[in-house]
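Take a look at the structure set out below.
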Amino acid sequence: MSRYLIRRIEDNPTIILSTQTQIVALEGNGHLERVQWRDDQSGDVKSKDIRHVFIMTGALPNTGWLDRCLALDDKGFIKTGPDLSQADLAAAGWPLSRPPYLLETSRPGVFAVGDVRAGNIKRVASAVGEGSIAVAFVHQVLQS
């Protein structure tokens, strides 16, 4: 998240940050009415009438299961296209004479877009655009 957005959230008196907690229940009838969360340090569960919840996802990739399957950077994001080094491609056994397409991973025909991709800019609009581009590349792969 951008530093200026973090500052705006921290400075807003109507926003309560609850760090080191986990949401354990969302309650309501047709819309969100109440949230329960657990404090990770004390284990206490609290409940409050809340109508809106904002969750930040994508900051840490959940790609451990892809280790040794796709080339990942040192933070666990999937390397694609020009971010793949010759060493990455050699280790993956890249079988094609062409280099990987822009959003293609170290496995031919497998693409990664959005927050999971190394070099992403963490914006929904960019992820959607990358998805559209990947579809075009999939068509290219299927035609070859």
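The values are calculated or read from the model by the stated rules, or taken from the named source; none is laboratory data. What you are looking at is a predicted structure, and each value in this text was computed from that prediction instead of being measured. Here Cβ is always computed from backbone atoms with ideal geometry, including for glycine, and neighbour counts include all displayed protein chains. What goes into the accessible areas is simple: the full protein's heavy atoms, side chains included, and nothing from ligands, DNA or RNA. Shrake-Rupley method; radii C 1.70, N 1.55, O 1.52, S 1.80 Å.
Using only the Cα atoms of segment 104-144, build the gyration tensor, take square roots of its eigenvalues as a ≥ b ≥ c, and label the shape rounded, prolate or oblate: rounded if a/c is under 1.5, else prolate if a/b is larger than b/c, else oblate. Before the final figure, lay out the partial values.
Details: a/c = 4.27, a/b = 1.68, b/c = 2.54.
Taking the square roots of the gyration eigenvalues as a ≥ b ≥ c, segment 104-144 is oblate.
So for segment 28-144: antiparallel DSSP bridges make up what percent, rounded to the nearest 5? Intermediate results must be reported in sequence, preceding the final value.
Working: 7 of 8 bridges.
Counting only bridges with both partners in segment 28-144, antiparallel ones make up about 90 percent.
Among 68-80, 129-141, what's the highest-first ranking by average C-beta atoms within 10 angstrom per residue? Working shown, then result.
Numbers: 68-80: 17.4, 129-141: 13.9.
Ranking, from highest mean packing down: 68-80, 129-141.
Tell me the angle of helix 124-143 to the major Cα principal axis of the chain, expressed in degrees between 0 and 90 and rounded to the nearest ten.
Taking the Cα atoms of the chain, the angle to 124-143 is about 30 degrees.
Residues with beta-carbon under 13 Å from that of residue 47, excluding residue 47: net charge, scoring Lys, Arg +1 and Asp, Glu -1? Don't skip to the answer; put the middle values down first.
On the way: positive: 34, 38, 46, 48; negative: 27, 33, 39, 44, 49.
Computed value for this residue: -1.
In whole percent, what relative contact order does segment 51-106 give with Cα contacts below 8 Å and a gap of six or more residues?
Values: 51 pairs, mean separation 18.7, N = 56.
33 percent.
Quickly work out the residue 90-to-residue 75 label distance, labels modelled 7 Å from Cα along the C-beta direction, and quote it in nm with one decimal.
2.7
What shape does segment 67-144 have by the C-alpha gyration tensor, where a ≥ b ≥ c are the square roots of the eigenvalues, rounded means a/c under 1.5, and otherwise prolate means a/b greater than b/c and oblate the rest? Write down the numbers at each step before the final one.
On the way: a/c = 2.33, a/b = 1.13, b/c = 2.07.
Because a/c hits 1.5 or more and a/b fails to exceed b/c, segment 67-144 counts as oblate.
Name the shape class, rounded, prolate or oblate, that the alpha-carbon gyration tensor gives for segment 30-108, where a ≥ b ≥ c are the square roots of its eigenvalues, rounded holds for a/c under 1.5, and otherwise prolate holds if a/b is larger than b/c and oblate otherwise.
Working: a/c = 4.86, a/b = 2.87, b/c = 1.70.
It comes out prolate by the Cα gyration axes.
Could you check the simple spin-label distance between residue 59 and residue 15, using points 7 Å along Cα→Cβ, in nm with one decimal?
The modelled label-to-label distance comes out at 1.2 nm.
Just 128, 110, 24 to compare: in a GNM of the chain, with alpha carbon springs under 10 Å, which one fluctuates most?
For the chain, modelled as a Gaussian network with Cα springs under 10 Å, the answer is 24.
Can you tell me the length gained on complete extension of the stretch residue 138 to residue 23, counting 0.36 nm per residue apart and subtracting the Cα distance?
Numbers: separation 115, 0.36 × 115 = 41.40 nm, distance 3.76 nm.
My answer for the length gained is 37.6 nm.
Keeping the other protein chains in place, figure out the carbon and sulfur percent of the accessible area of the chain, with a 1.4 Å probe. Write out the running numbers ahead of the final one.
On the way: 5610 of 10270 Å².
Taking all protein chains in place, the chain shows 55 percent carbon and sulfur surface.
Scan [x] 25, 17, 13; [y] 39, 17, 15; [z] 22, 19, 12 for the value of semi-axes √(5λ) of the Cα gyration tensor in Å calculated from this model and give just the label.
The listed entry that was calculated here is [y].
Could you order 101, 4 so the one with the most accessible surface comes first? Probe is 1.4 Å.
On the way: 101 50, 4 130 Å².
Sorted descending by solvent-accessible area, the residues read 4, 101.
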